[in-house]
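The values are calculated or read from the model by the stated rules, or taken from the named source; none is laboratory data. Just so it is clear, the model here is predicted, and its values are computed rather than measured. Here the Cβ is made from the backbone with ideal geometry for all residues, glycine too, and neighbour counts use every protein chain on show.
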Amino acid sequence: MHRKEKCHIIAHMNKLWTRDFTILTAGSVVSIFGNTLSGFAINLIVLDYSNSIFLFVLYMVIFNLPKIIAPIIAGPFLDSFSRRKTIYTLDFLSTAIFITLFIILRGGFFNYGVFLVISLTLGTIDSIYMVAYESLYPVLVSEGNFRKAYSVSSVVLPLSFVMVPVATFVYERFGVGPIFAVSAAAFLTAACFETQIRVDETHLRTKTDRYDFSEFKTSFYEGLEYIKGEKGLLIVTAYFFMTMFATASTNLILPYFRNTEALGVMLFSLVTSCGVFGRIVGGAVQYRLDYPKDKKFMIALIVYISICVLESVLLFTPVVMMAIISFIVGLLGVTSYNIRISATQSYIPDEKRARFNGTFQMFMNSGMIIGQLIAGALADHFPIRAVIVSFFSINLIAAIGIMWRGRNHVKLIYNRVV
């Protein structure tokens, strides 16, 4: 057999767009579209009815609160049971919730306490879904295609934000009902897609195996010990805790636009859309661009520092410059995301992946919740722009104090061929 023929066969065997990878990607696109529409609409409802930045932030904190506990509990289970079934079951459940919300809100009913309960439920679903999705996704990626796969993944979420201006228009003209109806349809479609995935989940336990609390506890502690023993993963986890703490302050940008006479929600949507466009362009670039493996850590670190500076100055610039900065942040964000997640997910053994992802999500969400609470409380007493600058200054210190100081350990993970 000629060398060209062998290369062609290997390339075919290791193609990225396999049947299961395509189905999961299509399902996640539809699901995230529905999630983005409904999430933005609920944020506007809460902000309109409560008329308080703190109550608005409190709603977001309640949504993220389960993300501290649920991921780390879900991780050990998802390292033993089906991640595929978990994904489509949660999407069916989301369908039922948004159909219920559609019916309730058609009657003009709003109660802040009820929405907090709904927020808690949706946050729990979202946190478990993310652990299951991030643990199943690498299994569907063929060898040598992690960089390309995660460049596709990095575009899925920003693509959904093109619906934010549409959601704003529909909300202001027709109310929230149609948005929840479309969201329910999106989750139902995604769930139907996901039932067709036929992946061989090698981590599954046999039906005869018992799984009790003592085994869960053992599995749980094994996951923690694994991260503690991997200094590179521990450093990355610690840094992203601080990053999410700082990023939580950007939730104040919507109230800032809404309460500034010269701005407003529509301009917020347009500026946000520029960030989305930046992420889409960045994802397209990442799909074709392969960084030198010995430079990836340094590229990621420069991106982390640059984003801290750009986010700090965003609200001090004219709207046109805000749009440009938002585009650049989106572009850079995809770059660091692709380097980090393709490296870590290909590095971690499949039988430990859900536990790592659950623990990582727990720390990221803890950072976000703490940041949201502190930022929301400070925003009632200090200018929003000053709060955001303070938070990203802390993030900048973390980039140098955590990532740069631990560079020798992180390079072992980041600077690899994936």
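Could you check the stretch 186-232 and list, in sequence order, the residues that are closer than 30 Å to residue 26 by Cβ, modelled with pLDDT of 80 or more and touching a helix residue (DSSP H, G or I) at 6+ places or on another chain (Cβ under 7 Å)? Residues satisfying the conditions are 186, 187, 188, 189, 190, 191, 193, 194, 195, 196, 197, 198.
Report the residue count in the stretch 395-418 for those that are of a type in the set (A, V, I, L, M) and buried (at least 17 other Cβ atoms within 10 Å of the Cβ). Count: 8. The set of residues in the stretch 173-185 being assigned to a helix (DSSP H, G or I), over 24 Å from the mean Cα position of the chain (by Cα) and touching a residue at least 12 places away in the same chain (Cβ under 8 Å) consists of 177 alone. Among residues of the stretch 353-381 that are closer than 16 Å to residue 137 by Cβ, those with a beta-carbon under 9 Å from a residue that is among the charged types (D, E, K, R) and assigned to a loop (DSSP other than H, G, I, E, B) at least six positions away or on a different chain give the pairs 353/79; 354/79; 355/79; 356/230; 358/79. Of the helices (runs of 4 or more DSSP H) lying entirely inside the stretch 17-129, those carrying at least 2 residues that are at pLDDT 85 or above and either more than 22 Å from the chain's Cα centre (by Cα) or crowded, with 21+ Cβ neighbours inside 10 Å (or both) are 19-50, 83-106.
Residue 346 meets the stated requirement of being of a type in the set (Ser, Thr, Tyr), at negative phi, assigned to a helix (DSSP H, G or I) and touching a residue at least 60 places away in the same chain (Cβ under 8 Å).
For every residue, the table says whether it meets (1) free of Cβ contacts under 8 Å to residues at least 60 places away in the same chain; (2) over 30 Å from residue 45 (Cβ atoms); (3) assigned to a helix (DSSP H, G or I).
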position: 245; (1), (2), (3): no, no, yes
position: 256; (1), (2), (3): no, no, yes
position: 261; (1), (2), (3): yes, no, no
position: 294; (1), (2), (3): no, yes, yes
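Among the residues of the stretch 321-364, which ones are of a type in the set (Lys, Arg) and surrounded by fewer than 21 Cβ atoms within 10 Å (Cβ to Cβ)? If the condition is that a residue be of a type in the set (Lys, Arg) and surrounded by fewer than 21 Cβ atoms within 10 Å (Cβ to Cβ), then 352 is the only one that fits.
In this structure, is residue 324 assigned to a helix (DSSP H, G or I), out of contact with any strand residue (DSSP E or B) (no Cβ under 7 Å at 6 or more places or on another chain), within 29 Å of residue 148 (Cα to Cα) and of a type in the set (A, V, I, L, M, F, W, C)? If you could, list the steps in order and put the result at the bottom.
Values: assigned to a helix (DSSP H, G or I): yes; out of contact with any strand residue (DSSP E or B) (no Cβ under 7 Å at 6 or more places or on another chain): yes; within 29 Å of residue 148 (Cα to Cα): yes; of a type in the set (A, V, I, L, M, F, W, C): yes.
Against the criterion (assigned to a helix (DSSP H, G or I), out of contact with any strand residue (DSSP E or B) (no Cβ under 7 Å at 6 or more places or on another chain), within 29 Å of residue 148 (Cα to Cα) and of a type in the set (A, V, I, L, M, F, W, C)), residue 324 qualifies.
Which one is modelled with the highest pLDDT among residues in the stretch 240-279 that are farther than 30 Å from residue 52 by Cα and crowded, with 22+ Cβ neighbours inside 10 Å? Top of the filtered list is 278. Of the residues screened, residue 336 is one that is without any contact (Cβ under 8 Å) to a residue 40 or more places away in the chain, under 19 Å from residue 284 (Cβ atoms) and in contact with a helix residue (DSSP H, G or I) (Cβ under 9 Å, 6 or more places away or on another chain).
When you scan the stretch 283-292, do you find a residue that is modelled with pLDDT of 85 or more, part of a helix (DSSP H, G or I) and surrounded by fewer than 21 Cβ atoms within 10 Å (Cβ to Cβ), even just one?
First, the residues of the stretch 283-292 that are modelled with pLDDT of 85 or more: none.
So far as the stretch 283-292 goes, no, none of its residues is modelled with pLDDT of 85 or more, part of a helix (DSSP H, G or I) and surrounded by fewer than 21 Cβ atoms within 10 Å (Cβ to Cβ).
Tell me, please, whether a residue that is among the polar types (S, T, N, Q), in contact (Cβ under 8 Å) with a residue 60 or more places away in the chain and closer than 26 Å to residue 350 by Cβ can be found in the stretch 120-138. Explain how you work it out, then say what you get.
The first filter runs over the stretch 120-138 and keeps only residues among the polar types (S, T, N, Q), leaving 121, 124, 127, 135.
Among the residues that remain, those that are also in contact (Cβ under 8 Å) with a residue 60 or more places away in the chain are: 127, 135.
From what is left, the residues that are closer than 26 Å to residue 350 by Cβ are 127, 135.
Within the stretch 120-138 (the criterion being among the polar types (S, T, N, Q), in contact (Cβ under 8 Å) with a residue 60 or more places away in the chain and closer than 26 Å to residue 350 by Cβ), the answer is yes, since at least one residue qualifies.
The number of residues in the stretch 306-332 that are touching a residue at least 60 places away in the same chain (Cβ under 8 Å) and more than 17 Å from residue 390 (Cα to Cα) comes to 1.
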